[in-house]
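A short write-up of the structure that comes next.
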Amino acid sequence: MRVIFLALTVAAGVCAFLSAAPVHAEAVVGQGAPAFVASTLDGKKFDLEALKGKVVVVNFWATWCAPCREEMPALEAVWRQYHNKGLEVLAVSADRPRARGDVDQVMHFFSFPAAVLSAVTKNDLVTVTSVPVTYVIGKDGKVENILTPEVLPLTEVGLGDEVKALLDAKTETKSDPKPEAKPEPKVEVKPEEKL
(Lines give C-alpha, C1' and ligand atoms only; values in the text may rest on other atoms or scores of the structure.)
Protein backbone atom coordinates (compact mmCIF):
# COMPACT_ATOMS: atom_id res chain seq x y z
CA MET A 1 0.00 0.00 0.00
CA ARG A 2 2.84 2.36 0.85
CA VAL A 3 4.49 1.62 -2.51
CA ILE A 4 1.33 2.56 -4.39
CA PHE A 5 0.96 5.77 -2.36
CA LEU A 6 4.61 6.65 -2.98
CA ALA A 7 4.25 5.95 -6.72
CA LEU A 8 1.13 8.13 -6.94
CA THR A 9 2.84 10.94 -5.03
CA VAL A 10 5.85 10.85 -7.36
CA ALA A 11 3.60 10.76 -10.44
CA ALA A 12 1.59 13.72 -9.15
CA GLY A 13 4.80 15.66 -8.51
CA VAL A 14 6.12 14.95 -12.00
CA CYS A 15 2.81 16.02 -13.57
CA ALA A 16 2.78 19.23 -11.53
CA PHE A 17 6.37 20.00 -12.56
CA LEU A 18 5.69 19.37 -16.25
CA SER A 19 2.51 21.42 -16.28
CA ALA A 20 4.37 24.33 -14.66
CA ALA A 21 7.09 24.27 -17.32
CA PRO A 22 6.93 27.09 -19.85
CA VAL A 23 5.42 26.31 -23.22
CA HIS A 24 8.13 26.28 -25.89
CA ALA A 25 7.07 26.29 -29.53
CA GLU A 26 9.82 25.09 -31.84
CA ALA A 27 9.69 26.29 -35.45
CA VAL A 28 7.89 24.03 -37.92
CA VAL A 29 7.99 24.45 -41.70
CA GLY A 30 4.68 25.82 -42.97
CA GLN A 31 3.67 27.37 -39.63
CA GLY A 32 4.16 30.84 -38.24
CA ALA A 33 7.62 31.49 -36.85
CA PRO A 34 7.66 31.49 -33.05
CA ALA A 35 8.88 34.53 -31.14
CA PHE A 36 12.57 35.40 -31.35
CA VAL A 37 14.13 38.59 -29.97
CA ALA A 38 17.83 39.34 -29.63
CA SER A 39 20.24 42.20 -29.19
CA THR A 40 22.76 42.34 -32.05
CA LEU A 41 26.50 42.76 -31.56
CA ASP A 42 26.11 46.46 -32.36
CA GLY A 43 23.31 46.87 -29.79
CA LYS A 44 20.29 46.95 -32.10
CA LYS A 45 17.10 45.02 -31.38
CA PHE A 46 16.22 42.14 -33.71
CA ASP A 47 12.55 41.15 -33.28
CA LEU A 48 11.31 38.50 -35.70
CA GLU A 49 7.66 39.51 -35.19
CA ALA A 50 8.44 43.10 -36.23
CA LEU A 51 9.95 41.89 -39.53
CA LYS A 52 6.74 40.59 -41.10
CA GLY A 53 6.64 41.78 -44.69
CA LYS A 54 10.33 40.91 -45.14
CA VAL A 55 12.09 37.65 -45.87
CA VAL A 56 14.22 36.69 -42.86
CA VAL A 57 17.11 34.25 -42.53
CA VAL A 58 18.24 33.31 -39.01
CA ASN A 59 21.43 31.26 -38.92
CA PHE A 60 22.78 29.57 -35.78
CA TRP A 61 26.54 29.00 -35.88
CA ALA A 62 29.71 28.85 -33.77
CA THR A 63 33.29 29.96 -34.27
CA TRP A 64 34.63 26.43 -33.68
CA CYS A 65 32.24 24.86 -36.25
CA ALA A 66 33.88 24.18 -39.65
CA PRO A 67 30.56 23.75 -41.59
CA CYS A 68 29.38 27.05 -40.08
CA ARG A 69 32.45 28.86 -41.36
CA GLU A 70 31.84 27.35 -44.81
CA GLU A 71 28.29 28.78 -44.87
CA MET A 72 29.22 32.33 -43.86
CA PRO A 73 30.42 33.49 -47.33
CA ALA A 74 27.16 32.20 -48.87
CA LEU A 75 25.14 34.13 -46.28
CA GLU A 76 27.20 37.23 -47.02
CA ALA A 77 26.66 36.94 -50.79
CA VAL A 78 22.89 36.46 -50.44
CA TRP A 79 22.70 39.29 -47.88
CA ARG A 80 24.53 41.70 -50.21
CA GLN A 81 22.40 40.72 -53.20
CA TYR A 82 18.96 40.90 -51.55
CA HIS A 83 19.16 43.11 -48.46
CA ASN A 84 18.02 46.22 -50.35
CA LYS A 85 15.11 44.20 -51.76
CA GLY A 86 13.67 43.16 -48.38
CA LEU A 87 15.94 40.46 -46.92
CA GLU A 88 16.99 40.51 -43.26
CA VAL A 89 19.67 38.17 -41.92
CA LEU A 90 20.81 37.46 -38.37
CA ALA A 91 23.67 35.11 -37.54
CA VAL A 92 23.39 33.93 -33.93
CA SER A 93 26.56 32.54 -32.40
CA ALA A 94 26.11 29.63 -30.02
CA ASP A 95 29.57 30.27 -28.55
CA ARG A 96 29.89 30.74 -24.80
CA PRO A 97 29.78 34.36 -23.59
CA ARG A 98 33.52 34.35 -22.84
CA ALA A 99 34.18 33.73 -26.57
CA ARG A 100 32.61 37.08 -27.56
CA GLY A 101 36.01 38.31 -28.82
CA ASP A 102 36.22 35.34 -31.20
CA VAL A 103 32.72 36.08 -32.48
CA ASP A 104 33.58 39.74 -33.05
CA GLN A 105 36.75 38.71 -34.88
CA VAL A 106 34.86 36.39 -37.26
CA MET A 107 32.05 38.89 -37.87
CA HIS A 108 34.60 41.56 -38.77
CA PHE A 109 34.73 39.91 -42.21
CA PHE A 110 30.95 39.99 -42.79
CA SER A 111 28.43 42.81 -43.12
CA PHE A 112 25.21 41.11 -42.03
CA PRO A 113 24.03 41.52 -38.42
CA ALA A 114 25.00 39.02 -35.74
CA ALA A 115 24.20 38.25 -32.13
CA VAL A 116 25.33 35.85 -29.46
CA LEU A 117 22.94 33.31 -27.98
CA SER A 118 23.43 34.80 -24.52
CA ALA A 119 21.95 38.11 -25.85
CA VAL A 120 18.72 36.44 -26.97
CA THR A 121 15.89 37.68 -24.75
CA LYS A 122 13.05 35.60 -26.24
CA ASN A 123 13.60 32.31 -28.05
CA ASP A 124 10.68 30.11 -28.99
CA LEU A 125 12.25 29.49 -32.41
CA VAL A 126 14.75 26.77 -31.57
CA THR A 127 16.55 24.88 -28.87
CA VAL A 128 20.08 24.91 -30.23
CA THR A 129 21.42 21.36 -30.00
CA SER A 130 23.71 21.44 -33.01
CA VAL A 131 25.05 23.98 -35.47
CA PRO A 132 24.76 25.10 -38.16
CA VAL A 133 21.03 25.38 -38.58
CA THR A 134 19.32 28.07 -40.65
CA TYR A 135 15.68 29.16 -40.63
CA VAL A 136 14.18 30.81 -43.71
CA ILE A 137 11.03 32.80 -42.96
CA GLY A 138 8.72 34.25 -45.60
CA LYS A 139 7.15 37.71 -45.74
CA ASP A 140 4.00 36.27 -44.17
CA GLY A 141 5.96 35.22 -41.07
CA LYS A 142 5.78 31.50 -41.83
CA VAL A 143 8.80 29.20 -41.65
CA GLU A 144 9.56 28.26 -45.26
CA ASN A 145 12.62 26.08 -44.75
CA ILE A 146 15.08 24.76 -42.17
CA LEU A 147 18.55 24.16 -43.56
CA THR A 148 21.08 21.79 -41.99
CA PRO A 149 24.19 20.25 -43.57
CA GLU A 150 22.81 16.72 -43.14
CA VAL A 151 19.44 17.36 -44.79
CA LEU A 152 19.63 20.46 -46.98
CA PRO A 153 22.90 22.38 -46.82
CA LEU A 154 23.03 26.15 -47.12
CA THR A 155 24.61 27.17 -50.43
CA GLU A 156 24.75 30.55 -52.13
CA VAL A 157 22.75 29.33 -55.13
CA GLY A 158 20.18 27.38 -53.11
CA LEU A 159 19.58 30.10 -50.52
CA GLY A 160 19.71 32.83 -53.17
CA ASP A 161 17.08 31.12 -55.31
CA GLU A 162 14.82 30.54 -52.31
CA VAL A 163 15.15 34.12 -51.06
CA LYS A 164 14.49 35.52 -54.54
CA ALA A 165 11.35 33.40 -54.92
CA LEU A 166 10.09 34.50 -51.49
CA LEU A 167 10.81 38.15 -52.21
CA ASP A 168 9.02 37.91 -55.57
CA ALA A 169 5.99 36.13 -54.07
CA LYS A 170 2.94 38.24 -53.47
CA THR A 171 1.62 38.15 -49.94
CA GLU A 172 -2.09 38.07 -49.29
CA THR A 173 -3.38 41.03 -47.35
CA LYS A 174 -6.60 41.33 -45.44
CA SER A 175 -7.32 44.71 -47.02
CA ASP A 176 -7.66 43.30 -50.55
CA PRO A 177 -11.05 44.45 -51.80
CA LYS A 178 -13.44 41.68 -52.67
CA PRO A 179 -15.24 41.96 -56.00
CA GLU A 180 -18.67 43.52 -55.64
CA ALA A 181 -21.55 41.17 -56.01
CA LYS A 182 -23.68 42.22 -58.96
CA PRO A 183 -27.40 41.97 -58.48
CA GLU A 184 -29.06 39.36 -60.65
CA PRO A 185 -31.33 40.81 -63.31
CA LYS A 186 -35.01 40.44 -62.53
CA VAL A 187 -37.13 38.74 -65.11
CA GLU A 188 -40.64 40.06 -65.17
CA VAL A 189 -43.30 37.54 -65.97
CA LYS A 190 -46.57 38.82 -67.43
CA PRO A 191 -49.78 37.25 -66.16
CA GLU A 192 -50.71 35.76 -69.54
CA GLU A 193 -47.34 33.95 -69.72
CA LYS A 194 -47.89 32.03 -66.49
CA LEU A 195 -48.53 28.33 -66.77
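Please enumerate the residues belonging to region 153-169 that are in contact with a Pro (Cβ under 9 Å, 6 or more places away or on another chain) and either under 21 Å from Gly53 (Cβ atoms) or open to solvent by less than 60 Å² (accessible area, probe 1.4 Å) (or both). Of everything in region 153-169, just one residue is in contact with a Pro (Cβ under 9 Å, 6 or more places away or on another chain) and either under 21 Å from Gly53 (Cβ atoms) or open to solvent by less than 60 Å² (accessible area, probe 1.4 Å) (or both), namely Leu154.
Put simply, of Val57, Val78 the only residue that is at pLDDT 95 or above, crowded, with 20+ Cβ neighbours inside 10 Å, assigned to a helix (DSSP H, G or I) and in contact with a strand residue (DSSP E or B) (Cβ under 9 Å, 6 or more places away or on another chain) is Val78.
The conditions of being in contact with a strand residue (DSSP E or B) (Cβ under 7 Å, 6 or more places away or on another chain) and either open to solvent by less than 50 Å² (accessible area, probe 1.4 Å) or in contact (Cβ under 8 Å) with a residue 24 or more places away in the chain (or both) are not met by Pro73. Looking across region 129-162 at every residue that is among the β-branched types (Val, Ile, Thr) and part of a loop (DSSP other than H, G, I, E, B), the one that is modelled with the lowest pLDDT is identified as Thr129. If you go through region 92-112 one residue at a time, do you hit one that is under 17 Å from Ile137 (Cα atoms) and not hydrophobic (A, V, I, L, M, F, W, C)? Within region 92-112, none of the residues are under 17 Å from Ile137 (Cα atoms) and not hydrophobic (A, V, I, L, M, F, W, C).
Look at region 26-53: where a residue is without any contact (Cβ under 8 Å) to a residue 40 or more places away in the chain and open to solvent by 40 Å² or more (accessible area, probe 1.4 Å) and a partner is in a strand (DSSP E or B) and among the small types (Gly, Ala, Ser), sitting 6+ places away or on another chain with Cβ atoms under 7 Å, you get Lys45/Ser39.
In the condition set (1) within 16 Å of Leu154 (Cα to Cα); (2) surrounded by fewer than 20 Cβ atoms within 10 Å (Cβ to Cβ), Gln105 is compliant with all but (1). Step by step: first the residues of region 92-123, then only those that are among the basic types (Lys, Arg) and assigned to a helix (DSSP H, G or I), then the one that is farthest from Trp61 (Cα to Cα). Which residue is that? Only one residue fits best here, namely Arg98.
With respect to the conditions (1) outside any loop (DSSP other than H, G, I, E, B); (2) modelled with pLDDT under 90; (3) of a type outside the set (D, E, K, R), Ala38 falls short on a single one, namely (2).
Screening the candidates Val89, Val126 for the property of being modelled with pLDDT under 95, under 12 Å from the mean Cα position of the chain (by Cα) and either part of a strand (DSSP E or B) or surrounded by 17 or more Cβ atoms within 10 Å (Cβ to Cβ) (or both) yields one hit, Val126. Close Cβ contacts (under 8 Å, 6 or more residues apart or on different chains) running from residues in region 78-93 that are among the hydroxyl-bearing types (Ser, Thr, Tyr) to residues that are open to solvent by 10 Å² or more (accessible area, probe 1.4 Å) and part of a strand (DSSP E or B) comprise Ser93/Val116; Ser93/Leu117.
Of all the criteria given as (1) out of contact with any strand residue (DSSP E or B) (no Cβ under 7 Å at 6 or more places or on another chain); (2) of a type in the set (Gly, Ala, Ser); (3) at positive phi, the one not satisfied by Gly141 is (1).
The values are calculated or read from the model by the stated rules, or taken from the named source; none is laboratory data. For clarity, every value in this text was computed on a predicted model and none was experimentally measured. Heads up, the Cβs are rebuilt from the backbone with ideal geometry, glycines too, and the neighbour counts pull from every protein chain shown. We work out accessible area using only protein heavy atoms, side chains counted, and drop any ligands, DNA or RNA first. Shrake-Rupley method; radii C 1.70, N 1.55, O 1.52, S 1.80 Å.
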